[in-house]
Structures are given as C-alpha cells and as structure tokens.
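The values are calculated or read from the model by the stated rules, or taken from the named source; none is laboratory data. Nothing here was measured: the structure is a model prediction, and the numbers come from that model. All Cβ positions, even for glycine, are placed from backbone atoms using ideal geometry, and neighbour counts span all protein chains on display.
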Amino acid sequence: MEQSSESSSMKKMEDDKKFGQSARQLTKEEIDKLNSDTELISDFRQRKLEQECKKNWDLFYKRNEDRFFRDRNWTTREFHELLELSAETNDDRQLRLLEVGCGVGNFIWPLLESGLPFQFYACDFSPRAIDLLRKNERYDPKRCHVFQADITEPNGIGRNLSSSSSCDNENLKFDFVALIFVLSSIHPCKMPLALKNISDVLDDDRGILIFRDYGLYDHSMLRYSNGHKLDENFYVRQDGTRTYYFSIDVMNKLAQESDLEVIQLNYIQRETINIKENLCVPRIFLQGKFRKKRKSSYTH
C-alpha cells in the first residue's frame, strides 16, 4: 500500500512537470484547474463551429466594428527588419508586405502612417472586416490592396489574390508576411496548409514571415471555465470564435511541416493591468520570424 502511494505521488509529480515552460511555471491551483478540465465539446458541436467559422467572425465584426482592437504600434520595435529592409532599399525596388488575417487594419495603419515604402496587401476570412477596413479614412487605394481569402484552402492566398479587383497577379511574392494573432483561430489540423500557403507567397531570397500569437499558459487560457475545451490547448469563446495556445515545440513542428525555416522563436512575457478589477495579469505570447526553407545546392 505504501509502495502504491509512493508510485501515485511520483506520477503526479511527473504530470505536474508538463504544466510549465520557460516563460511561466503554473501554481498548484492553476495545475489543478487544468487537470480538472477534461471533458471535450461534442463532435457535433465541433463540426458546427468549424462550419460556422466565417459567420462567427462576421458577427464579431458586426458587433464590434473597428472598436475592439487597438492599433499595433509595437510592430517596428519587435520586428526591426521592417525598418532595416526599408532603409536598405533602392528607390527603384518596390517592397511588398502582406498581412494575413488583417481584421480592420490595426497592424497596417501605423505602418502606413510611418511612411515606410511598402505596397500593403491584406486579406481576411471575414468579408465584413474587409469592408470596414476599406471604409476607414486612412485607407489609401493607391498603397493598400485588400481581398477576402480562406488561407486553409489549397492555394488560398494566391488564387484569391489574383481574383481581387486591385490585384491581378497570383504570382506576387512578398518581402514580409505578417501573421499576428491569426493562426490560433484556425483548427490545428488546418494549420500546416495555412502556413504552406504563406510559404508559397514569400520571396525566395529575402521574404520573412513575422508571427505573434497566444502562448501556452497565457492568462486567457487559464480563465476558461469547464465546457469550452475543444482539444488540448484549444478552446472556444462564448461568441463561437476559437483560440489555440502555442508552445515552441508545436510551432517548430508546424514550421517544419510547412516548408518554413525558423529564424527566431521565443516566448514574450507581458503584463496587462485591468483597472476595473484591480488585477495585473501575466500574458504569454509566442513570437517568431521565419523564412522559406533554402533549397539545397547539392546535386546527387
């Protein structure tokens, strides 16, 4: 009996070790909470959520319009390559940046206003988001080319890029592709194809994918009550939109499956202050830079 008790104790210690990473170790209360959340949402409801994904995001933008997200003024600080490549560029070279999952333009507006010499391309799953972006007073049709696209479909970027009214070339390659808090909203089984579509439109020599998304054990992950779990590290919000929480290992594997090479990948720790609830909460994001895998120069 004593041996059995010791064995159970050792097993619990091993189980608890998985609830942590370099950015954050969970408390006992947090571990107990995650351990207790074992029941997954039914297959029927999961299929329904997948089928209604576009509808749920359209409803999100119908409710919130352009008021939900703040402009992302931090991007040139975190991804200095945007400034460096701009400074190195000769006048006759046209730089192109594509934002995948652009929403209502919170990533693009600060870059447009900063005077960086880019032609900006942007796509989103939600037609309503695209419509709101076009109606923004900062939208410049001479420098902004936006289109609706589902990046989880084969050739989901190139095909839709060529069919949009402002873009007439599905073979365009981009110096930068931005994927900011977007991949987490996609079902994990569709993530490799989404990333492969991005890899296909990156410039072979200098193209860089800049990425930020929710990291494993972010505070928002620990706030879900039972009944919201779709799969391991994958949850549904009240409004039907979904969120996946990434570890470095998972993102490394996805990159490998998607013809992408990791330049940099690490957890980012931030704190969010909730004045209303008098709380200071830890935020964990995963941030990375990727490029297309270099083809071997060796022949056999």
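Mind telling me which of the residues Leu161, Leu172 ends up being in a helix (DSSP H, G or I), modelled with pLDDT under 95, in contact with a helix residue (DSSP H, G or I) (Cβ under 8 Å, 6 or more places away or on another chain) and not acidic (Asp, Glu)? I'd like the intermediate steps shown before the answer.
Values: Leu172 fails: in a helix (DSSP H, G or I).
Matching residue, one of Leu161, Leu172: Leu161.
Residues checked against (1) closer than 19 Å to Leu161 by Cα; (2) more than 18 Å from the chain's Cα centre (by Cα); (3) in a helix (DSSP H, G or I); (4) not hydrophobic (A, V, I, L, M, F, W, C):
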position	(1), (2), (3), (4)
Trp57	no, no, yes, no
Arg67	no, yes, no, yes
Thr76	no, no, yes, yes
Leu97	yes, no, no, no
Leu111	no, yes, yes, no
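For region 232-256, the set of residues classified as in contact (Cβ under 8 Å) with a residue 60 or more places away in the chain, under 30 Å from Lys295 (Cβ atoms) and surrounded by fewer than 21 Cβ atoms within 10 Å (Cβ to Cβ) consists of Ser247, Ile248, Leu254, listed by residue number. Kindly check whether there is at least one residue in region 139-153 that is surrounded by fewer than 20 Cβ atoms within 10 Å (Cβ to Cβ), over 23 Å from Asn197 (Cβ atoms) and of a type in the set (Lys, Arg). Taking every residue of region 139-153 in turn, at least one turns out to be surrounded by fewer than 20 Cβ atoms within 10 Å (Cβ to Cβ), over 23 Å from Asn197 (Cβ atoms) and of a type in the set (Lys, Arg). Annotation: of all residues in region 91-128 being surrounded by fewer than 15 Cβ atoms within 10 Å (Cβ to Cβ) and either closer than 22 Å to Val201 by Cα or basic (Lys, Arg) (or both), the one that is modelled with the highest pLDDT is Pro127.
Can you tell me which residues in region 23-55 are closer than 23 Å to Asp249 by Cβ, surrounded by 10 or more Cβ atoms within 10 Å (Cβ to Cβ) and at pLDDT below 95?
Residues of region 23-55 closer than 23 Å to Asp249 by Cβ: 23-27, 30-31, 33-35, 37-38, 40.
Then drop every residue that is not surrounded by 10 or more Cβ atoms within 10 Å (Cβ to Cβ), which leaves 23-27, 30-31, 33-35, 37, 40.
Residues satisfying the conditions are Ala23, Arg24, Gln25, Leu26, Thr27, Glu30, Ile31, Lys33, Leu34, Asn35, Asp37.
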